[in-house]
Amino acid sequence: GVGKTTLVTSVYKEVAASRHFDCAAWVSVSKNFTTDDLLRKIAKELHRDVRAGMPDIDEMDYRSLVEALRGHLAQKRYLLLLDDVWDAHAWYEIRNALVDDGQGSKIIITTRSQDVASLAASTRIIMLEPLPKQEAWSLFCNTTFREDANQECPHHLEQWAFKILDRCCGFPFALKVLG
């Protein structure tokens, strides 16, 4: 794609390492999630550093999971990253489990859906765009011809390279994979 997960991976690692938050969780949201499984994944990630005293969340129902998460997050500054959220239903299903008690907690959501993005305050939405043509060309050449000293496309391959570049539509992931 355009690099949403790559960008937030970098941010997440830096912020989680800074100890600015009491706990942090990175959860990939599958397209066919169940609410209970999503809450379990969040709970396991948030409890990752404190296995002692962790409740047996695999046996909990929705209500118990919500109570356990709310209890764990109370009076804590936490970071929750929900990666690749496909529809707003995921957010509506889990938000009751998340505490907002003024501690400065943050929730980051990556999505390809405008409906999901619209759940955030409009000042908090970051839209990633495909790379401009020149930057896409540079990334493609640096990836494809990295073994060459000058990392430039040989003249006899330019026609094919431009066709590949057009097919990638400026998406960094596609440029790297095809490069």
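Of the listed requirements (1) at pLDDT below 90; (2) more than 16 Å from Ala25 (Cα to Cα); (3) surrounded by 10 or more Cβ atoms within 10 Å (Cβ to Cβ), Tyr62 misses just one: (1). Elements of the type strands (runs of 3 or more DSSP E) sitting completely within region 1-119 and holding at least 1 residues that are more than 15 Å from the chain's Cα centre (by Cα): these cover 23-28, 78-85.
Just checking, which of Asp56, Asp37 is of a type in the set (Asp, Glu), within 19 Å of Thr111 (Cβ to Cβ) and either crowded, with 18+ Cβ neighbours inside 10 Å or free of Cβ contacts under 8 Å to residues at least 60 places away in the same chain (or both)?
None of the other options fit; the residue is Asp37.
Counting only residues that are of a type outside the set (Ser, Thr, Tyr), surrounded by 12 or more Cβ atoms within 10 Å (Cβ to Cβ) and closer than 17 Å to Trp160 by Cα, how many does region 130-150 have? Looking only at that region, the number is 8. For Leu165, indicate whether it is surrounded by fewer than 16 Cβ atoms within 10 Å (Cβ to Cβ), over 19 Å from the mean Cα position of the chain (by Cα) and among the aliphatic types (A, V, I, L, M). Answer is no for this residue.
The values are calculated or read from the model by the stated rules, or taken from the named source; none is laboratory data. It should be emphasised that the depicted structure is a prediction, and the values quoted were computed from it without experimental measurement. When we count neighbours, we look across all protein chains shown, and the Cβ atoms used for this are built from the backbone with ideal geometry, even at glycine.
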